[in-house]
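J.: Below is one structure. I have some questions about it.
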Amino acid sequence: MPSHRVGHAHGGNMTARRVACAGLIALAFARAATAQDVRITGATWVQSIDLRPLRRDSVLATAAPGTGEVRRLADGQRVSCIEGATWCSFLGSGPRETTRPFLQDLGIAAWGLGEGVSFHAHARFRESLGTSEVSWPRLGDRFDVLDAYVEVDRPRLRARLGRQWTLGGLGAYAYDGGALTLRRDWIDGEAFGGRALVQGLFEPYTSAEIGLVDDLPPETAAWLAGARVRVRGRAGMALTANYLRVVQDDRSGLYAERASVDASARVAGTQVSASYALDLASLTVNELRVRGGRALGRFDLALEARRHRPFFELWTIWGAFAPVGFDEARATAGWRNPSGELQLTASGARRRYDDAGTGLTSIPLRNDGWRASVDASWALEDRWTVQAGYGVDIGFGSSQGDGSAGVAWRSGDRLELGATATALQTIYEFRVGTGRVLGVGMNGAVRLTSETRLRLDAGIWRHALTNDAPGQDWSQRRGSVRLEWAIGADPGAVR
């Protein structure tokens, strides 16, 4: 049985025609920006990643001694064997390859079209500059419109029409439709609705993109409707309530119905905040968080209690697996010297998971975990910054410890240089193995003009496997070049 790579392979390179097309579009936008009241922003990003991609391989069952579904080869590789099958399969690292993703972001803001009238758009192009068939996230989706809408903004109201976002306690949802906001001195109200797009994809629910990662994608498109109310009070008090409903376009079913409340206030010198998110379809509390923070001289102290349970929309089968939630208590302390140049932060948290209903009575699964971290930064003469940090996270199925250190130098707003070193160790409790990753990197940025900045970075990471850890090799080399530019006058912050 021949081996093959895991994931979606992308055939073909980025042709000269596609490069020219992206360049012509950018040029057209740039020429339009020379007109009054139009601003074009762009980011051109090219990466080079050298790695060993995962591939699915197989061996004859007779070469895998023992019985059972999971067996071990002579070299230590674990394989999966189905009873009666001729072949056993496993995931391994293939030959080293290099992939070169290309990303082009273009944004436009046009105003002066009438009192409070403006137009905003953000588009993204993706391609591959190399010949490698390594699957890189989203390269198959070559073009996205992240937002494109017309806005009318007046002192007491704001209206938007087109592709846009709604952000709040329920996360980020994109949709094609309209939104109307009414504002008063102490309260705002917003209603919105339109064709729903899948979170993070900017694609309709029937898009083929979902089928690439989910065996049971939704069969019908969806519509979204929601509302938001914000209330402001004295002493920094604020309260926001959100409601969101996503239904199938034929009204035959529901994909999601959710509500959330976020509140904050200053009480006796302590900043208190709370958040609550409820899945109305299943009456499940997805998020409940209470946090209190207070400054005591040069110290900052915070305590947090959290209840979390994963949320899945009703169209996906993942919610049927009853993912368990957890409760967590967290404490954070920070200190700074009188000048503020030296800062130290330490945090610790304890987590307890709900009963998963699995495991053996004699050998129950671990249902708790903890994490801790410490970070330090030192700013010298407004030019040098030195930082270091270490964190550890002990969970029920694995644990991880990671440390990093870096130094950065900057000459005003013109030039920036930096270097970093990282170390990572992962322990897999179910396999009693460890993996260590060591890495070094360099980065820099230079302002070419008042509206143009060039950023470069490169890094090398080496993955060492010990003590019977899983055999995939994640060693890699990365480099990137990013050009950020803008043409046209700056209209200022957009509300």
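Quick note: the coordinates plus some simple rules give every number you see, no bench work behind them. Just so it is clear, the model here is predicted, and its values are computed rather than measured. A quick note on method: Cβ atoms are made from the backbone with ideal geometry, for glycine too, and the neighbour counts reach across all protein chains shown.
J.: Translational diffusion coefficient, Stokes-Einstein: compute it for the range 154-199 using the Kirkwood radius over C-alpha pairs as Rh, at 25 °C and 0.890 mPa s, and state it as an integer in µm² s⁻¹. Could the numbers behind the result be given before it?
T.: Working: Rh = 11.3 Å.
Translational diffusion coefficient: 216 µm²/s.
J.: By what distance, in whole Å, do the Cα atoms of the range 272-382 stretch along each of the three principal axes, largest value first?
T.: Each principal axis gives a Cα extent; for the range 272-382 these are 56, 37, 24 Å.
J.: Hey, another quick one. Could you tell me which of rounded, prolate or oblate describes the range 42-141, using a ≥ b ≥ c as the square roots of the eigenvalues of the alpha-carbon gyration tensor, with rounded for a/c under 1.5 and, failing that, prolate when a/b is larger than b/c and oblate otherwise?
T.: Details: a/c = 5.76, a/b = 3.15, b/c = 1.83.
Prolate, since a/c reaches 1.5 and a/b exceeds b/c.
J.: Using the Cα atoms of the range 87-237, I'd like the radius of gyration and the largest Cα-Cα distance, Dmax, both in angstrom.
T.: 20.7, 71
J.: Find out how many positive minus negative residues lie around Ala85, taking Lys and Arg as positive, Asp and Glu as negative, among other residues whose Cβ is under 13 Å from that of Ala85.
T.: Local net charge: -1.
J.: Shifting gears a bit: Could you compute Rg(Cα) / (2.2 N^0.38 Å) for the range 181-275, with N its residue count?
T.: So the range 181-275 has a normalised radius of gyration of 1.45.
J.: What is the distance in Å between the Cα centres of the range 350-426 and the range 190-247?
T.: With the range 350-426 and the range 190-247 each reduced to a Cα centre, they are spaced 32 Å.
J.: Follow-up. When you count, for each residue, the other Cβ atoms within 10 Å and take the mean per peptide, how do 375-388, 174-187 rank with the highest first?
T.: With the highest mean Cβ count within 10 Å placed first, the list reads 174-187, 375-388.
J.: Note down the net charge around Gln248, summing +1 for each Lys or Arg and -1 for each Asp or Glu among other residues with Cβ under 13 Å from its Cβ.
T.: Within the 13 Å Cβ shell, the charges total -2.
J.: Among Ala61, Ala419, Gln248, whose Cα lies farthest out toward the positive end of the dipole of the chain, if unit charges sit on the beta carbon of Lys, Arg (+1) and Asp, Glu (-1)?
T.: The residue sitting most towards the positive pole is Ala419.
J.: Taking only DSSP H segments of four or more residues, each worth -39500 (n - 2.57), what value at 222 nm results for the chain once the sum is divided by all its residues, to the nearest 500 deg cm²/dmol?
T.: Values: 2 runs with 22 residues, N = 495.
The helix contribution divided over the chain gives -1500 deg cm²/dmol.
J.: On to the next question. Match the structure shown to one of the listed values [x] 152; [y] 202; [z] 194 of volume of the Cα convex hull per residue in Å³, computed from it, and give that label.
T.: Derived directly from the coordinates: [y].
J.: Around Ser273, what is the net charge, scoring Lys/Arg as +1 and Asp/Glu as -1 over all other residues with Cβ under 13 Å from its Cβ?
T.: With Lys, Arg at +1 and Asp, Glu at -1, the neighbours total +2.
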